[in-house]
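Any read-out appearing in this document is the output of simple, stated calculations on the displayed coordinates, not a laboratory observation. All of these numbers come straight from a predicted model, not from anything done at the bench. Using ideal geometry, Cβ is built from the backbone for each residue, glycine included, and neighbour counts are taken over all protein chains shown.
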Amino acid sequence: MKGSLHAVWRWVKWPLIVLTLLALVFAVLVVWRWNVLEGDKQTTVDVERIHATKLVWNDINGALPPEPDSVQNNATLVGVDSNDNGIRDDVERAIYLQYKDNQRAVVAMLQYAKELQMEFTEVYNSETLVAVIQEEGRGSLCLSDKKKKEEVKVLVFNSNSRIQFREDIFNKYMTSYSLLNNQECDILL
């Protein structure tokens with residue numbers, strides 16, 4: 001009896017091992033695919049949020065934020081945004097103080113700055129990069145002044161680490177896209 005069990009085990013052992021390994025591989029693939037699908041859902045939610053993020057009067061009509069400490073402001077890519085309007089405080093102050101007598105320029109430049117700032121806070125894959133670039137396109141068309149666009153870019157990307165981060169995300173996630181046919185300016189004057 002012992003010999004016959006041993007003979008049966010010899011014939012059954014390898015198919016059982018193979019079936020166990022196949023079941024394990026299948027389980028890993030199911031878990032991986034589930035994570036991919038969940039990630040796709042999160043990306044869709046984030047892209048919708050990016051497109052829904054607009055400059056509103058409360059973002060610009062309140063008190064000007066205080067000048068941030070430069071060490072603290074440059075310690076991270078995001079910088080300091082004490083009033084939580086999506087625009088770094090040093091950028092917001094520079095635009096307002098330079099153009100305070102030109103409300104249209106201030107509004108358009110702040111919209112563009114807010115959209116550029118999203119490169120630091122919202123991009124983690126190709127879909128989110130495209131959504132941010134599409135919003136930047138709206139801001140660029142709203143601003144429509146090449147000199148002012150460059151001023152905003154210089155303010156937002158004011159350090160080597162911020163410039164490098166932008167280059168890195170563009171190199172890593174860039175794909176083809178089209179611009180939106182939406183209203184360019186969030187706030188019409």
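Compute the long axis of helix 89-99 from its Cα atoms, compare it with the longest principal axis of the Cα atoms of the chain, and write down the angle in degrees, 0 to 90, nearest 10.
30
Measure nothing fancy, just the Cα-based angle from helix 160-173's long axis to the longest principal axis of the chain, in degrees from 0 to 90, nearest 10.
50
Starting at 0 and stepping by 10 Å, how many percent of the alpha carbon pairs of the chain end up in each bin?
Distribution as computed: 8, 29, 27, 11, 6, 6, 6, 4, 2, 0 percent.
For the chain, find the longest principal axis of its Cα atoms and tell me its angle to the long axis of helix 2-52, 0 to 90°, nearest 10.
10
Springs between alpha-carbon atoms under 10 Å, Gaussian network over the chain: tell me which of 95, 169, 17 tops the mean-square fluctuations.
17
With unit charges on the beta carbon (Lys/Arg positive, Asp/Glu negative), name the residue among 29, 175, 42 whose Cα is farthest towards the positive pole of the charge dipole of the chain.
Going by the charge dipole, the pick is 29.
Going by average Cβ neighbours within 10 Å, how do the peptides 128-136, 46-54 rank, with the highest at the top?
128-136, 46-54
What is the dipole size for the range 141-189, taken about its Cα centre, with +1 at each Lys and Arg Cβ and -1 at each Asp and Glu Cβ, in debye to the nearest 20?
140
Among 141, 29, 64, which one shows the highest mean-square fluctuation when the chain is modelled as a Gaussian network with alpha-carbon springs under 10 Å?
Among 141, 29, 64, the largest GNM mean-square fluctuation belongs to 29.
Is it possible to state the helix-based mean residue ellipticity at 222 nm for the chain, with each DSSP H run of 4+ residues giving -39500 (n - 2.57), the sum divided by total residues, to the nearest 500 deg cm²/dmol? What is it?
Here the helix-only value at 222 nm equals -23500 deg cm²/dmol.
Pairs on different chains or at least eight residues apart, Cα atoms closer than 26 Å: how many lysine pairs in the chain fit?
25
Between residue 51 and residue 29, what is the spin-label point distance in nm, taking each point 7 Å from the Cα along the Cα→C-beta axis?
Those two pseudo-labels are separated by 3.4 nm.
Anyone know which of 166, 33, 93 comes out most mobile in the 10 Å Cα GNM of the chain?
Taking springs between Cα atoms under 10 Å, the residue moving most is 33.
Taking neighbour counts of Cβ atoms within 10 Å as a proxy for exposure, in what order, fewest first, do 174, 109 appear?
174, 109
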